[in-house]
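One structure is given here, and the rest of the page talks about it.
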Amino acid sequence: MDARSGGCSDGDSLTRDQTLLLRQKYISGTCQLHFGRSPLKVVRSSGPYLYDDDGFRYIDCSSRVNNVGHCHPATVAAAASQMATLTSPLAEPGVMPAEGIEERYCQRLLETLPPNFQTCLFTSSGAEANDLALQLAKMYTKRRDVVVIDGSFHGAVNSLLEISPKAFKNLHTEKKPWVHVIPCPDRYRGSYNDASTAAEKYFIDAKNVIDKAVQNSGPIACFISEPVFVVYGVVVPPTGWLAKIYSYIHENGGLIIADEIQTGMGRSGSHYWAFQALGVVPDIITIGKPIGNGHPFAAVITSHKIAGCLKANYRCGPVAATIGLSVLCVIEEEHLLHNATMTGKLLKEELLTLKKKHKHIGDVRGIGLMIGVDIVWCQTTKKPAPEIAEKISYRLKDEFVIIANEGEHGNILVLMPPLCLSVDDVSYIVSKLDKILTEVEVVDSHAIYSILSNSLPDSTQAEYGMRWPEDQLESDNEDSSGSSISNHYDSMD
Ligand SMILES: Cc1ncc(COP(=O)(O)O)c(C=O)c1O
């Protein structure tokens, strides 16, 4: 019996083309492939690497989930052993597993957090955790209104699509009147760039939205946001901004929910949770994906008082708890916070060096091993270049590096590899990006030549598989038309 294919012997013998045919027939077209034009068939993974069906190894910078490394042997062994021993959460009143695994897991998780975090409520997904956190905030405050950040996304269930501006835009749905959107404090593309004043100016804009909401709609139940805005394109808020917002929401009697689903579990390098790296303390955190390193479970962590608003049984069961414990042990034993700090710093420094050399890198930002590279047509105009970002991600795949493109324009290269990335991996990623950006610049110069001489060499275009739109060519006199996601929600409040 082939365990990997669920006991069916034909599971792994399909070619890439046969797999694609099956996919077309049975998988909904809404589930898009990462590389739609030339899909990869990944058959194995280990550490920071993915392996395809031809045996080629890729560095996985798109993981976000497998913080301790793909298929970490300790986590796999812990899961297998627990699966063979006891899987039932024994949720019946008065019955608990003899080993107290869930209790020990809660204890270990809470040791990574400040003392106002006293209990964990477990769910199966990040979306369920955010939904539960919203329920708690609304029940605790007996209020309804929610403040969110523009461009954010908190999960694909109805209650969260309603509070996720990214979803309003993608699904063309209307913002609910009790949802209030504050601008993302983006110093690169937003209204305020100056490091010494941006936090205060963005805070005043947010305060205006909150004040208007309280006046016209109702008192605030909660503010929910990622501490570092990964979904928006890995924007780190200006120093002091989060503290100002947190304290203003508290002054107004609301609660703070930090969505740590992507930013948590050591990704910030300096701490387990990104809010700690930014010097603030929320009331509720939601954690997900990376806590199980691929095993689907999540949690809401808060005080006994807040959690006590809801009478329900949010257990995780012994398998999830064992895996969670193992992830925490691996992070400690392999010093993964230190590694994320060191390799993240190196990666960011090297990318900043590339920025000096390559005009298509507009901005490099992030902390630890969550880094965003804003790809532009020109550093002066900052015009977003999703075409180039896409070209880069496909070419990086040819060079055995997998990354994702994010942000409103799809022009941000997001690098979120497992925390066990090595210094050699960093050098490899940077050297390949350098090579590809140099190629892109060769195409640029051919295109400029063609416009000047009206004789574009088609072979060059064919070779690089793209045609640069003429209006995208560098012009330092152009307007900055890629400026921030507009703050048009203010007027809707
Ligand atoms: C910031 C953030 N919060 C919540 C979620 C939802 O998590 P899940 O996919 O586990 O439901 C996501 C999913 O991508 C996310 O990016």
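Of all residues in the range 60-84, those satisfying the criterion of being β-branched (Val, Ile, Thr) and touching a residue at least 60 places away in the same chain (Cβ under 8 Å) are Val65, Val68, Thr75. Considering Thr141, Thr85, Thr173, the condition of being more than 23 Å from Pro318 (Cβ to Cβ), away from the ligand (no atom under 16 Å from the Cβ) and surrounded by fewer than 17 Cβ atoms within 10 Å (Cβ to Cβ) is satisfied by Thr173 alone.
Criterion applied to Val235, Val300, Val209, Val231 was being more than 16 Å from the ligand (Cβ to nearest atom) and either hydrophobic (A, V, I, L, M, F, W, C) or closer than 18 Å to Asn130 by Cα (or both), and the one residue passing it is Val209.
I'd like the full set of residues that are under 23 Å from Ala299 (Cα atoms) and either within 12 Å of the ligand (Cβ to nearest atom) or out of contact with any helix residue (DSSP H, G or I) (no Cβ under 7 Å at 6 or more places or on another chain) (or both), limited to the range 147-158. Residues satisfying the conditions are Val148, Ile149, Ser152, Phe153, His154, Gly155, Ala156, Val157, Asn158. Condition (residue is of a type in the set (Val, Ile, Thr), in a loop (DSSP other than H, G, I, E, B) and at pLDDT below 90) applied to the range 91-98: is it met by at least one residue? Scanning the range 91-98 turns up at least one residue that is of a type in the set (Val, Ile, Thr), in a loop (DSSP other than H, G, I, E, B) and at pLDDT below 90.
Which one is farthest from Ile224 (Cα to Cα), of the residues in the range 292-310 that are buried (at least 20 other Cβ atoms within 10 Å of the Cβ) and polar (S, T, N, Q)? So, considering only residues that are buried (at least 20 other Cβ atoms within 10 Å of the Cβ) and polar (S, T, N, Q), the one farthest from Ile224 (Cα to Cα) is Asn293. Residue check: His335 meets all listed conditions (1) touching a residue at least 24 places away in the same chain (Cβ under 8 Å); (2) surrounded by fewer than 20 Cβ atoms within 10 Å (Cβ to Cβ) but one, namely (1).
In the range 259-268, is there at least one residue being of a type outside the set (Gly, Ala, Ser), touching a Leu at 6+ places or on another chain (Cβ under 8 Å) and within 13 Å of the ligand (Cβ to nearest atom)? Checked against the condition, which is being of a type outside the set (Gly, Ala, Ser), touching a Leu at 6+ places or on another chain (Cβ under 8 Å) and within 13 Å of the ligand (Cβ to nearest atom), the range 259-268 yields at least one hit.
Just checking, does the range 118-138 include any residue being assigned to a loop (DSSP other than H, G, I, E, B), under 30 Å from Tyr246 (Cα atoms) and within 14 Å of the ligand (Cβ to nearest atom)?
The answer is yes; a qualifying residue exists.
Please count how many residues of the range 233-275 are of a type in the set (Phe, Trp, Tyr), without any contact (Cβ under 8 Å) to a residue 60 or more places away in the chain and either under 19 Å from Asp150 (Cβ atoms) or surrounded by fewer than 23 Cβ atoms within 10 Å (Cβ to Cβ) (or both). The total comes to 3. For the residues Phe275, Phe223, the requirement of being in contact with a strand residue (DSSP E or B) (Cβ under 9 Å, 6 or more places away or on another chain), in a helix (DSSP H, G or I) and aromatic (Phe, Trp, Tyr) singles out Phe275.
Restricting the search to strands (runs of 3 or more DSSP E) fully inside the range 314-426 and requiring at least 3 residues that are in the same structural domain as Ser445 (by TED's automatic domain parsing), within 28 Å of Asn130 (Cβ to Cβ) and not polar (S, T, N, Q) gives 361-367, 370-375, 412-415.
Here is the figure for the range 276-291: residues that are within 10 Å of the ligand (Cβ to nearest atom) and surrounded by fewer than 24 Cβ atoms within 10 Å (Cβ to Cβ) total 1.
The values are calculated or read from the model by the stated rules, or taken from the named source; none is laboratory data. Remember, it's a predicted structure, so these values are computed and weren't measured experimentally. Counting neighbours? That spans all protein chains shown, and the Cβs are built from the backbone with ideal geometry, glycine included.
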